[in-house]
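The values are calculated or read from the model by the stated rules, or taken from the named source; none is laboratory data. Bear in mind that the values here come from a model prediction, so they are computed numbers and not experimental data. Cβ: placed from backbone, ideal geometry, glycine included. Neighbour counts: every protein chain shown. All accessible areas refer to the heavy atoms of the entire protein, side chains included, with ligands and DNA or RNA removed. Shrake-Rupley method; radii C 1.70, N 1.55, O 1.52, S 1.80 Å.
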Amino acid sequence: MSADYHDHDDHHPSPWGPHDWGHGAPHNSFSPLIMSIGCGMFLLMLGGLFSFGEYDGRYLPMIFVSLAVIAAALIVWCRQDMSFDGSYEPRAVGVPFKNVQVRKVGVWIFLWSEMMIFSSLFSTYMRYRQGIPRCDTVFESGDWVEGVAVTCFEPASKLIASSWWHIAPGAINTFALIISSFTIVQALRWANKPVGSVDEEVRRKRVYRYLAATWCLAALFLTLKMIEWFIGFHVPEIGFLGLHEHDIHSLYSEGYLINNDHYQAHHYVDEATGAHMVANIQVSASLFYVTTGTHGLHVFGGIVGLTYLTYKAWTGAYNPQSAVSIEYFGLYWHFVDLVWVLVFPFFYLY
Amino acid sequence: MSNTILGRDAYWMNFFGLMLLTLIEVAAVGADLSSAAEGFSMTERQLTLWILTVIAIPKFIMIAAIFMHLWGENDSGILTLTALFPAFFIIIMILFIGLTHPDASMGLPDWCRPGNYGL
């Protein structure tokens with residue numbers, strides 16, 4: 001710890017930032033704590049807003065209050081970090097992390113909690129996927145009565161992997177995330193190039209362009225997810241490719257919904273009798289939307305972070321000394337990619 | 001990171017490898033594997049799951065090792081151990097939630113039922 005820690009009062013002119021990083025003392029920001037409280041409030045109020053499928057408008061004002069708390073905490077955090085130039089990057093002095101950056105270890109410990117969140121979602125998925133019979137198995141067995149809903153597991157892949165066009169948004173998203181993982185390590189590489197080995201203006205442009213590319217790919221990911229969930233798309237007639245005009249329906253318009261206890265799909269019609277099997281798919285749809293939605297929220301969080309990093313890079317703030325910020329954010333972003341590596345095959349393809 | 005793979009830049013090689021593996025994944029789902037599945041005495045769905053699982057493992061390792069710098073840096077060893085620490089809890093969670101089943105106690109395979117191995 002620096003000798004001048006707390007030995008004068010003017011190094012912290014305002015609790016709202018920006019910090020003076022030059023004196024070598026810790027700068028523990030209260031903003032992440034405030035932001036966490038805001039996120040907790042938001043989730044609690046959102047749960048109240050749609051309690052058991054019923055809309056309750058009394059919670060709406062508190063939703064806006066919680067969003068304001070999150071926004072305020074983020075603004076303060078960004079103001080505090082904008083002045084960070086990498087001059088103070090504490091390293092651990094004891095085992096087992098001796099000489100490892102303290103913040104890097106902190107990011108890894110944060111990723112532990114993320115691992116546990118997704119592990120719980122995956123284990124729940126495995127549990128129900130094995131514990132509930134598949135809808136197509138029930139249909140083929142003939143063990144159902146028309147008009148009486150059968151509780152069964154209808155994986156989203158039944159719709160998503162039914163054709164190349166249906167799978168296109170998810171497949172493009174997979175490539176988008178892998179490319180974004182690559183662009184962010186390229187941003188880090190350019191920020192890390194030794195001073196003097198590259199023109200500073202070239203460094204500035206490369207870093208912010210790679211970060212902006214990562215931002216665009218993340219936005220593409222969420223856009224395609226919205227198309228896949230809610231919007232669908234139109235495939236035009238392209239004669240020389242042998243393509244016929246048709247619509248690709250969204251999961252929403254196909255009736256793949258978390259509250260659907262009377263799901264009717266065209267592939268569950270008995271050709272001999274014309275009878276239609278009706279399925280209760282609440283468990284399978286909930287698992288799909290909660291898991292992929294949680295992942296999507298992480299991508300959204302990444303977009304918020306990338307917006308700030310790209311702006312800071314645009315000001316030319318990143319150099320070998322301060323590049324660690326990109327590295328730490330990159331760890332989070334690669335983790336989001338890692339989760340998708342598992343989500344895509346098991347929720348979209350299988 | 002200044003590591004190389006096969007004499008070329010590690011980031012680029014990792015990127016190309018990941019793209020290739022993802023292409024194989026998507027192709028495996030779209031392709032008709034019914035005849036291949038018969039050869040392995042399994043359903044097409046089971047074969048697809050095997051292919052997807054086998055491909056996901058190297059993809060997972062490639063992203064963690066190269067992009068997350070868990071290979072080739074001074075602090076890679078301790079940070080890899082750090083990253084693996086929750087594995088114990090994850091395994092416990094998968095075993096006790098993910099792989100449980102309503103008829104787990106009755107539906108166990110013979111090799112893990114009492115009475116085998118002279119027990």
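Placing unit charges on each Cβ (+1 for Lys and Arg, -1 for Asp and Glu) gives the stretch B:1-73 a dipole about its Cα centre, and among B:46, B:60, B:72 the Cα reaching farthest toward its positive end belongs to B:72. Near residue A:236, once Lys and Arg are set to +1 and Asp and Glu to -1 for all other residues with Cβ below 11 Å from its Cβ, the sum equals -3. Between amide H atoms placed 1.01 Å from N, distances below 5 Å from residue A:322 occur with no residue 5 or more places distant or on a separate chain. Karplus-based coupling profile of the stretch A:205-222, in residue order and whole Hz: 5, 5, 5, 6, 6, 5, 5, 5, 5, 4, 4, 4, 5, 5, 5, 4, 4, 5, with θ = phi - 60° in 6.51 cos²θ - 1.76 cosθ + 1.60 and x standing for Gly or Pro.
How would you classify chain B from its alpha-carbon gyration tensor, with a ≥ b ≥ c the square roots of the eigenvalues: rounded for a/c under 1.5, else prolate if a/b is greater than b/c, otherwise oblate? Judged from the Cα gyration tensor, chain B comes out oblate (a/c at least 1.5, b/c at or above a/b). A Förster distance of 41 Å, applied to the separation of the beta-carbon atoms of residue A:252 and residue A:36, puts the FRET efficiency at 0.85.
Think of a 1.4 Å ball rolled over the protein heavy atoms: the protein assembly as shown then has 52 Å² of accessible area per residue.
In this calculation the C-beta distance from residue B:54 to residue B:27 is compared with R0 = 22 Å, giving a FRET efficiency of 0.95.
Taking amide H atoms as placed 1.01 Å from N in the peptide plane, the amide H of residue A:100 lies under 5 Å from those of A:92, each 5 or more residues away in sequence or on another chain. Per-residue SASA remark: residue A:228, around 20 Å² accessible (1.4 Å probe; ligands, DNA and RNA not included).
Mind jotting down the distance between the C-alpha centroids of the stretch A:69-94 and the stretch A:25-64, whole Å? Answer, in whole Å: 23.
Can you bin the protein assembly as shown into rounded, prolate or oblate? Criterion: square roots of the alpha carbon gyration tensor eigenvalues sorted a ≥ b ≥ c, rounded for a/c under 1.5, prolate for a/b above b/c, oblate for the rest. It comes out prolate by the Cα gyration axes. Seen from all directions on average, the stretch A:85-146 presents a Cα convex hull projection of 8.2 nm². Taking B:40, B:60, B:15 as the candidate residues, the one with maximal mean-square fluctuation in a Gaussian network model of chain B, Cα springs under 10 Å, is B:40. Measuring against 25 Å, Cα to Cα, the residue pairs A:98/A:312; A:225/A:312; A:104/B:59; A:104/A:193; A:104/A:312; A:193/A:225 contain A:98/A:312; A:225/A:312; A:193/A:225 as the ones spanning a longer distance. With a ≥ b ≥ c the root eigenvalues of the C-alpha gyration tensor of the stretch A:122-349, is it rounded (a/c under 1.5), prolate (a/b larger than b/c) or oblate? Cα axes put the stretch A:122-349 in the prolate bin.
What FRET efficiency comes out for the pair residue B:9/residue B:76, r = Cβ-Cβ distance, R0 = 22 Å, nearest 0.05? Once rounded, the FRET efficiency stands at 0.80. Amide H contacts under 5 Å for residue A:153: A:134, A:135, restricted to partners 5 or more places along the chain or on a different chain, H placed in the peptide plane at 1.01 Å from N. This model, with +1 at the C-beta of Lys and Arg and -1 at the C-beta of Asp and Glu, gives the protein assembly as shown a dipole about its Cα centre of some 1200 debye. Among the residues of the stretch A:325-350, those with an accessible-area drop of 10 Å² or more from chain alone to full protein complex, heavy atoms and 1.4 Å probe, are A:327, A:331, A:334, A:337, A:338, A:341, A:342, A:344, A:345, A:346, A:349, A:350. Chains A and B together bury roughly 4400 Å² of accessible surface, counting both sides and using a 1.4 Å probe on protein heavy atoms.
On the protein assembly as shown, 67 percent of the accessible area sits on carbon and sulfur atoms, based on a 1.4 Å probe.
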